[in-house]
Structure formats: C-alpha cells, structure tokens
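The next block holds one structure in the form of structure tokens; read it before the comments.
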C-alpha cells in the first residue's frame, strides 16, 4: 500500500494552455452560431437556449450540492478532488448571462405569457397569481442570487483554508452547507417548475422537481468524474488516485442512475395508472410521430446502457470505462432535457438540425473555459483541508 | 501437557494502522487460513488481506433475477391466462403495473437468498459454535482492540512459527486458542433455548399482525377510512322520505345509450313494425347462441324443445318448434324477449337490443334445424 506521506508538499502545476484555447475556440464558434440562430429562427433558438441553460444549471447547482453534501456527510473520499467540483460550480456565475436570451424570448417559449391565451382559459386564469411575468422574474432572480451567494460563501472559506490551514473554516462550511440544503431543495424544485414544467402550463407533476434533481446531480458527477480522471491521467494531482476513489465515484453515479430511473418511472406509472386526460397528454405529446423513438430511446440512453455499464465492481474501478460512462451520462442528461423541452417546440416530430448542435458547442466551450480560468489561480487540491490526507489514503 | 486440539494463535493490536500492517505481513508470509477481527469494518482490509472479491454477489444476482422473472411469470399467469379481468381499462398484460411488484420481489428474494446463502454455506449451518466464542480475545476485539488469528489448519502453520510471526509484528497477548471440550454436534441451532426464542418471536410477530389487521383496523381512529360519511349502495338513508340510500333515475330520463322499448303493451304492432337489423352471419349467431344458452336455455332447453332444467319449479314453457312459434315474425319474438309473456319476465335489462336480435336469429336457426326445408339438404 502506497500511503501518501504526511509531509507531502503540493506544487502548483498550470493546466495546459491547449485547454484554454479549446474552450475559447468552441465558445467562439458556438456563440457565432448562436447569434446567427437567433436571427434565423428566434423561437427555435430560444428553445435550444433553454436546454443549454438547464444543462449548465444542472452542472453548476449539482456541483455545489455535491460540495455541500461532502461537508455535511463529513465525507473523506471526495476531499482530494473537491476543487474540481468547485471549478464546475463556477458555471453558476454565467447562468444569468445564459438566461438573458431566454428571458428576452419568453413569449416564444411560454404559452402562459400570452394574455389573450390566458383569458377565457379557466385553468390558466387560476394559475395567473403564480404564472405571471413580474413574479417569474423575481423568482428567477432569486434562484440565481441564492446559488451565487452560497457559491461565493462556500468557495471563499475553502480558498482561505489553503493559506491559513484553519480547521474552523471547515466547521463554518459545514454550517453553511446545512443552511444551503433547504434553499437548494426549494430553489431547484421551483426552477425546474418555472423553466420546464410551465412550458405546458396545463400540466402538473409533483415529482417534477425531484426528477430534475436526479439528473442534476448525475450531470455534475459525470462532468466532475471526467475532469478528475483526465487530470489524474496527466498527473496534475501529484498523486495517483487508486481504484477505491474511482469505485466511489462510479458507485455514486450508479446510484443516481437508479434514482433517476426510479423517479422517472414513478412519474410515468402514476400518470399511466390514473389515466386522467389533464395529465396524460404530456406523455402522449412525447409519443407523437418520431418523438416515440426519442421516448423509447430515453430508457436505453439514460438507464439501461449506463446501468449495465456501471453494474459490476471492476467496471467502476476501471478509469477508462468510467471516463466513457461519464461522457455518456452527460450526453444522456442533454438527451433527457431535449426530450423534456423540445416536444413543446415541434409537436409532430423530432426537430434536429445545426441549431441543436450550435448550442451544445457553445455550452461545452463555456464549461471548459470557466474550468480552466478557475483552475488558473487556484490549487487543484484543497491543501489546507484537514481531511485531505485521509482522503488521499482512502481505501474501501 | 494438555490434550486439547489447537485452533490457532491470536495476537492483539491497538490501532487500525497496526492491524492493516499486520494483515499485510501475514498474507505476505504466505498464510491462507487466518482471520482479522476488528470492532468495525476497517477501510482497506480487503486489499491488505489480499482477499478475492466475495462470491456472495453471484447468489444475490441469480436469486434476484429469479425473483424478477418469477414475479413476471406469476402475474402473467394470473392476470393474462388464468383470470383476466379488465382493471381500469388497462390491457391484461399491463406491464407498467407489473414493474413495481417485479422490483420488490427482486429485492426481497435477492436479500433473503443472500442471507440464507451466507448462513448455509459461509457459516456452515446449523453450526453456531466457533472456538473464538467466549474467549478473552473475542471480548477485546469486539470492543476496542484489533486482533489477528492464525489458524492451525493452514499448511504453513507451526506453533513456533506462528508465535514468532506474531511477536515480530509486536502483537500483544499472544495466546493459543483451543477447540472447546464439549462435543461439537451439541452446539447447533437445535437447542431448546434457541428454538423457544424462535417460537417466541413467531408468536409475537403473528400475534401482532393478527391484532393489527383484525382488531386495530376497527378501532378509532384507524377505522376512519372504512366508515365514511357517505351512503354506499344497498344502505338505508335518513335523508330521503322512503328510507332508501339508492335513488331511482330522475323521471323522464334514460341512461346513456339505452332507449326504452317503445312497444311495451302492443305485441301486434311490434310484430308488424319491427324488422331484424342483423344478418345471420357466424359472429351474430355465436352471440345469439351464447346469450340463448345463458338466459333462455334454463327454461326453453338447449334446443328450444321446452325441456326445462328447473325440475318443475316453474311450469314448462311451450316448445319453440310449434307451428305458432315458427310462423310468428322476428318482431314478435323480439317483443316477447323485450317485454315478456305470461310467466316469462322481460329480458331487456340483461340483453342489449343487438343481443336480443342476435338471440332471435339463433332461435330461427334452431327452428330451421328441427324443420329443415328440402332445399337445405342440397
């Protein structure tokens, strides 16, 4: 057993410049295409922008949740790479910018913003106290504010600890995490209701927030796992992660795949069983024309393939397999959001063209860019954290 | 010199780091039959002891999958093959409704099978004794110490070698452990004490279940679901003057899709005006035969000969093959089915109009079979 010595000295290594360049390149191409897209067809572009907004919020909020969870659970195994999650959580900072084009095209996205449509519609009229643009704006601003404030508070303490090595900062962060958790649950639930469920304002599902939450954590974990494995391969951590670390990451992803399937199936089965027209239409819309194949595909992409890909113990310990599966899960989360959002735009069948590719390119570019920018002036390891050594020596 | 059989040598350590180190050294020394005893699972122990992955997972997999498919097969047999009932307009093979049950049975059978496999194969059921039980060593390692036990079964084991190895690891309290004096077979699960414990648990569990399901459910407030402030069918009511909970339809209304029979007391008019809308094809006759066999045959007999199966409890009806029956129009037979005749009641509530006309056609077919025309033989 190769225990990491206690007198272990961390020397900061910069990430390769090619990462920054790749991020810039993808962002540049993506943003150019996005601007063109908004000129060509602003409705379709707004829908795609919404998918990207939800995807980036998933990674940002999900990463912040995982950080808070680590503090609350007193987890040791994830401490060495908590910084990776902190870099990913920085995505929260650009969310308001990503949300801006969506907010400017609310009329294209949300049926309930049209006053003439709401008038005479009994259900929508009854929902107006909640679904109206001023209140919507306040809520969305509040979500972003809560996320960004907690991001800054948690990250500041973690960063400070690198120099001061003050253990009380960990205690402070545990308290902050405990306060963050209920805020997280409420904001994420309502964010998913506001941005995605209200696309079909007549429809409702009480499990929808949990459904989005399961995908959120999964996406953040997958993005983090990918980054951790790539950085470990190139030796940026200065120590080698062992199979026990990989196993823990893989097991958590595996658990959340099952959790997602459990929630998705619960939502489907209750609606299928009750067979009430005001609920079933949402699923029927996703069964219309070629959407049927997307719906069936979702079961395989989001559950069957990652389930068997991560089922056995060796498959979770193999970094190569884990790298592939984490990319696959990121794709699956995008696929899930596409399935949730796009049927509202094109009801008769799949809409997939250059626009659907432009937004993910821009999103991916932004993600890489933020990651490498955050990594530039921070340590890759939380060197002041009292749990770090135990985390490096973590064995199952 | 004692004549006890040696089980092994034990040594005690104070910290988890020491025991991990000891486990590594012992496995490096080539020992296979040894065990580490710790008060809680120590991280990294599997690797230090070079243990292969446990085989228990395969038992869980096999029994879990067996549970999944057994649940599917049982539900398929019950709700598709043996007793198909339409529930909530769903197909007989309602897969989404099966999934939760399949999931639960999978979890149940996998977990039970894992525990049973562990007890039966890994713990060598019904043996419940172990030489380490009751020793000072076991008392220590189950509270705050970490211990290693080298077993004499191991090929490399020698008394001096084991002592030396433990001493080189700086183990404390190096002691030999002997098999207990009593004969082994006595210490099995089939002991009166243990059996009475099992009985006690069984009585408490089943008694509690009986109480919960048969008594508790009828006590306040657990019976609130059962007794609600509403009138259920067949119940009396204090609200209505006639005391009936069930109300007749409002006067002048009819239930949906159900036109009342308009020739109720006018058999001649019915016989003259009503025409059979159906043609005697295979399906119609099959429907007619089904309904005839259910509703008509108890009195009229399976072939319409008037041979009642009711053993004289009612006067036997006339044969359907009489001259009068054969020459009467379809409309007239339809009228008899709809409105009744003499002692025969109306069948309008049991048979829809379509079914009544189908029954008329079947009666015609019966009549034809008894009095076939010359041309039918060709």
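Annotations
- Solvent-free Debye scattering, log10 I(q)/I(0), computed from the Cα coordinates of the range B:165-303 at q = 0.09, 0.13 Å⁻¹: -0.78, -1.02
- Between 0 and 90 degrees, the angle of helix A:95-104 with respect to the longest Cα principal axis of chain A falls at about 10 degrees.
- Averaged over the residues of peptide A:265-273, the number of Cβ atoms from other protein chains lying within 10 Å of each residue's Cβ is 3.
- Computed label-point distance, nm, for sites residue B:123 and residue B:234 using a 7 Å Cα→Cβ extension: 5.1
- Cα centroid separation, the range A:120-188 to the range B:212-234 (Å): 46
- Theoretical ellipticity at 222 nm over chain B - DSSP helices of four or more residues, -39500 (n - 2.57) apiece, nearest 500: -12000 deg cm²/dmol
- Expected-Rg normalisation [2.2 N^0.38 Å, Cα atoms] applied to the range B:207-285: 2.16
- Every Cα-Cα pair in the range A:158-211 was counted, and those over 12 Å apart are 71% of them.
- Considering only Cα atoms, the convex hull volume of the range A:25-101 works out to 87 Å³ per residue.
- Cα-derived Rg to Rh of the range B:248-328, Kirkwood definition: 1.04
- Considering every alpha-carbon pair of the range A:264-396, the percent of pairs per 10 Å bin, from zero through the bin containing the longest distance, is 10, 25, 29, 22, 11, 3.
- Distance distribution P(r), the range B:1-184, all Cα-Cα pairs, bin width 10 angstrom from 0: 9, 25, 25, 15, 11, 9, 6, 1, 0 percent.
- Rg over Rh for chain B works out to 1.33, both radii taken from alpha-carbon positions and Rh defined as the Kirkwood radius.
- Per-residue Cβ neighbour counts within 10 Å put B:143, A:78, B:237 in the sequence B:143, B:237, A:78, beginning with the fewest.
- In this simple spin-label model, placing a label point 7 Å from the Cα along the Cα-to-Cβ direction at both residue A:230 and residue B:167 gives a separation of 5.9 nm.
- Peptides A:309-316, A:338-345, ordered by how many other C-beta atoms sit within 10 Å of their residues on average, highest first, read A:338-345, A:309-316.
- Computed from Cα positions, the angle between helix B:16-28 and the longest principal axis of chain B comes to roughly 80 degrees.
- For the range A:1-156: rounded, prolate or oblate by the Cα gyration tensor [a/c cutoff 1.5]: oblate
- Three semi-axes of the equivalent ellipsoid, the range B:267-372, Cα gyration tensor, whole Å, largest first: 19, 16, 14
- Counting all C-alpha pairs of the range B:78-192, share separated by more than 18 Å (%): 73
- In the calculated pair-distance distribution of the protein assembly as shown, the portion above 44 angstrom amounts to 54 percent of the Cα-Cα pairs.
- Rg/Rh for the range A:17-392 (Cα atoms only, Rh after Kirkwood) is 0.97.
- Kirkwood Rh, angstrom, the range A:211-305 [1 / mean 1/r, Cα pairs]: 15.7
- Förster radius 30 Å - calculated FRET efficiency between residue A:352 and residue A:35 (Cβ-Cβ, nearest 0.05): 0.90
- Semi-axis lengths, largest first, of the ellipsoid equivalent to the range B:1-46 are 24, 13, 9 Å, with √(5λ) applied to each eigenvalue of the Cα gyration tensor.
- When A:83, B:326 are sorted by how many other C-beta atoms sit within 10 angstrom of their C-beta, beginning with the fewest, the order is B:326, A:83.
- If you wrap the Cα atoms of the range B:124-215 in a convex hull and average its projected area over all directions, you get 9.5 nm².
- Peptide packing: for B:12-25, B:282-295, the average count of neighbouring Cβ atoms within 10 Å per residue gives the ranking B:12-25, B:282-295, highest mean first.
Every number here is computed from the coordinates shown, using simple stated rules; none is lab data. No experiment lies behind these values; they were computed from the predicted model shown. Using ideal geometry, Cβ is built from the backbone for each residue, glycine included, and neighbour counts are taken over all protein chains shown.
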